[in-house]
1. Could you name every one of the helices (runs of 4 or more DSSP H) located completely within region 269-387 that has at least 2 residues being without any contact (Cβ under 8 Å) to a residue 12 or more places away in the chain and over 26 Å from the mean Cα position of the chain (by Cα)?
2. Go through region 311-324 and count every residue that is open to solvent by 70 Å² or more (accessible area, probe 1.4 Å) and either β-branched (Val, Ile, Thr) or within 26 Å of ILE238 (Cα to Cα) (or both).
3. Where the second residue is assigned to a loop (DSSP other than H, G, I, E, B) and the first is among the acidic types (Asp, Glu) and lies in region 101-129, which pairs have Cβ atoms under 6 Å and are six or more apart or on separate chains?
4. Is at least one residue of region 463-479 at pLDDT 85 or above, open to solvent by less than 60 Å² (accessible area, probe 1.4 Å) and either more than 27 Å from GLY565 (Cβ to Cβ) or under 18 Å from the mean Cα position of the chain (by Cα) (or both)?
5. Only residues that are out of contact with any helix residue (DSSP H, G or I) (no Cβ under 8 Å at 6 or more places or on another chain), open to solvent by 90 Å² or more (accessible area, probe 1.4 Å) and either in contact (Cβ under 8 Å) with a residue 12 or more places away in the chain or within 15 Å of GLU607 (Cβ to Cβ) (or both): list them for region 553-578, please.
6. Quickly run through region 291-310 and pick out the residues that are open to solvent by 50 Å² or more (accessible area, probe 1.4 Å) and β-branched (Val, Ile, Thr).
7. Is it fair to say ARG282 is modelled with pLDDT of 85 or more, surrounded by fewer than 22 Cβ atoms within 10 Å (Cβ to Cβ) and not hydroxyl-bearing (Ser, Thr, Tyr)?
8. Of the conditions (1) assigned to a strand (DSSP E or B); (2) modelled with pLDDT under 85, GLU496 fails just one. Which one is it?
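The values are calculated or read from the model by the stated rules, or taken from the named source; none is laboratory data. For clarity, every value in this text was computed on a predicted model and none was experimentally measured. Methodologically, a virtual Cβ is constructed for each residue, glycine included, from the backbone with ideal geometry; neighbour enumeration extends over all protein chains shown. Surface areas here come from the heavy atoms of the whole protein model, side chains and all, with no ligands, DNA or RNA. Shrake-Rupley method; radii C 1.70, N 1.55, O 1.52, S 1.80 Å.
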Amino acid sequence: MLPWFRNICRGGRLFSTEPARVITLRPYQEHCIQACEDALKAGSSRIGCSLPTGSGKTTVFISLLSRIPPPESNPKASRSLIIVNSIELARQSAEQVTRLFPSWTVQIEQGVKHQASGTADVTVATYQTLLQSERFAKFDPTRLKAVIVDECHHAAAPSYLKLLSHFDPNIRHPDPNFKPMTLPHRIPIIGFSATLSRHDGIALGSVFERIVYHRDFLSMIKDQWLSGVRFTTVQANINLEGVTVNSRSGDFNATSLAHVINTDTINHLVTRTWLDKASERRSTLVFCVNIAHVRDLTQVFRGFGIDARYVYSKTPVAERKALIASFKAGQFPVLVNCAILTEGADIPNIDCVIVARPTRSRNVFAQMIGRGMRLSSETGKKDCRIIDFVDSANRVSGIVSTPTLFGLDPADLEIEDESLESLEEKSSAKITSPATDDIPDPVSVTYTDYEDPFAFVSKFSGLSPHINQLSTYAWVGCGNDVYVLECLGKGFIRIEKVEATDELPTHFSAHFTPAALDRATAASLKVSPFLRKRRILQSEDLSEAIKGCDTYAKTKVVFGPMVVGLLRSARWRKTPATPQQLAFVSKRLKKPLDGEDNDLQNLTKGEAANIITRLKNGAKQRRHEKKVQQASAAARALEKERVRRAREEVRVGPLATY
């Protein structure tokens with residue numbers, strides 16, 4: 001406990017004898033709370049907020065609870081429920097409630113040791129415990145004024161839906177026979193997360209109506225609310241081609257991944273990288289694949305004389321608390337973990353994060369690197385070094401790393417490396433180790449350091465990751481961030497970029513347009529042959545939009561064996577183009593089929609289909625517009641240079657005031 005407050009704990013209940021603490025919110029925290037209040041007043045009751053790790057989400061949602069009054073229709077509804085996914089988050093939230101509002105009664109509902117009464121002003125409960133019917137029964141929804149969901153990117157999972165459907169009938173319970181109780185008032189359900197999206201394509205819209213506030217970690221770093229960062233990407237010969245993927249989460253299977261990553265070769269590479277790039281760092285947090293990897297990598301660190309220790313899910317609670325306290329105090333430099341510190345770890349002194357476990361989840365990657373972004377002036381922390389590892393051969397698509405987090409294709413880095421103005425520091429090193437297993441040694445390793453993440457982003461702000469790296473399906477880029485997937489005559493899915501507005505940040509919106517019905521069918525059904533397009537999703541990240549649409553295509557549009565027809569490698573795409581395809585392309589491109597030097601006759605069905613898709617979706621017009629824009633930009637650049645040169649001329653007379 002902190003020295004400026006004193007708690008007396010009885011069972012799961014916390015009481016404070018200290019007066020209320022004066023809360024001074026940061027500007028963005030106040031803006032977030034105001035956005036929530038405005039949305040609730042406007043009639044929304046299921047809202048989400050996106051704030052990065054280290055931004056004080058707990059302070060925000062506790063302060064928000066203090067401003068939500070009981071509903072006029074039910075004045076007795078004065079209690080609040082905070083749902084978390086770990087005992088660490090439960091303790092942090094309960095302690096923060098006590099710090100900020102000592103007059104409130106606070107209880108924790110978790111496991112055997114923490115059993116709440118259900119009548120406290122605020123109850124912090126783990127969702128795992130609430131899934132037990134006798135534990136959930138303590139909480140009367142008619143007495144709740146609000147429900148907070150921390151780490152709410154999990155909220156679309158069936159386990160959360162089982163709970164949240166009790167508080168709002170619009171949230172569908174996984175059991176179709178479930179009948180929600182009739183409530184006297186609408187209970188606001190407010191979610192908070194640093195990664196308000198899901199990697200598996202499941203829509204968070206099944207829980208939340210809208211996202212009312214978003215602040216990304218780059219803007220927070222720029223405004224100095226988070227620690228500065230220095231990125232190092234290690235390119236090595238790490239072949240993940242044979243690693244299996246979990247069909248539910250979309251991420252690598254840990255056991256399969258460990259066979260490639262948890263080897264003496266790779267573990268020595270990780271350790272030598274730390275010695276080369278981060279040995280002067282005070283507190284390094286390392287993320288591993290599984291428990292065996294945690295133990296093995298720790299032993300390699302120790303073999304180099306480094307005081308490394310580890311923590312994992314089965315570390316006893318008391319031992320875990322003591323270990324993390326020692327790490328916070330700077331008593332040893334390297335803490336190795338697996339999953340346990342991905343969410344909710346409040347260790348501000350971390351000044352280096354090593355991502356030694358490749359992932360396909362942007363959320364997981366952002367959570368891992370976010371552990372090092374908290375400010376810690378008392379420890380002298382200036383910035384945080386982020387070290388991650390990518391396959392130099394780029395053999396597997398979908399892997400999230402520092403480059404892809406910023407919208408870059410890792411394969412392009414080697415090509416563009418020499419011309420990136422944002423790279424202030426760069427070095428190459430050769431690392432060799434005797435082979436001790438079937439995994440080939442990294443033939444060469446390249447360290448790419450990004451000292452200025454803002455320049456890193458701005459350099460490529462107009463680019464998207466190469467579409468072929470994001471999906472095995474035959475997506476077609478139509479220019480200006482428009483991407484189309486034709487669904488074998490059943491319609492098409494279109495993703496397009498939507499610029500930011502006052503209400504929403506820049507994002508990608510996806511729709512499915514069904515194929516038109518033939519006239520006879522339409523007449524028999526007494527409907528228009530042209531069916532309305534259907535909204536699928538929206539996401540700020542293109543890769544997540546692509547994955548979500550892939551899921552939609554194979555579950556809602558194309559079924560069974562037909563799904564293989566969506567692949568870029570489908571057999572039909574390699575057969576010769578049909579006469580109808582050639583005629584359409586020839587007419588639209590104004591290129592006769594029998595002309596000289598005409599390569600239309602050599603088109604395959606797949607190539608012709610791509611051209612037709614681009615033509616139907618405005619690629620030709622956008623290409624023309626882009627040329628006009630480029631010409632205009634070139635003219636402006638020439639004029640700017642002329643003015644600059646004119647200003648360099650020294651003349652006697654008055655100086656311009658503009």
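1. Qualifying helices (runs of 4 or more DSSP H): 291-303, 317-328.
2. Let us first name the residues in region 311-324 that are open to solvent by 70 Å² or more (accessible area, probe 1.4 Å), namely 313-314, 316-319, 321.
Those left that are additionally either β-branched (Val, Ile, Thr) or within 26 Å of ILE238 (Cα to Cα) (or both): 317.
Summing the residues that are open to solvent by 70 Å² or more (accessible area, probe 1.4 Å) and either β-branched (Val, Ile, Thr) or within 26 Å of ILE238 (Cα to Cα) (or both) in region 311-324 gives 1.
3. Pairs found: GLU109/ALA116; ASP121/TRP104; ASP121/THR105.
4. Yes: region 463-479 contains one or more residues that are at pLDDT 85 or above, open to solvent by less than 60 Å² (accessible area, probe 1.4 Å) and either more than 27 Å from GLY565 (Cβ to Cβ) or under 18 Å from the mean Cα position of the chain (by Cα) (or both).
5. LYS556, MET562, ARG571
6. Scanning region 291-310 gives a single hit, ILE291.
7. Details: modelled with pLDDT of 85 or more: yes; surrounded by fewer than 22 Cβ atoms within 10 Å (Cβ to Cβ): yes; not hydroxyl-bearing (Ser, Thr, Tyr): yes.
Considered against the rule, which asks whether it is modelled with pLDDT of 85 or more, surrounded by fewer than 22 Cβ atoms within 10 Å (Cβ to Cβ) and not hydroxyl-bearing (Ser, Thr, Tyr), ARG282 comes out as yes.
8. (2)
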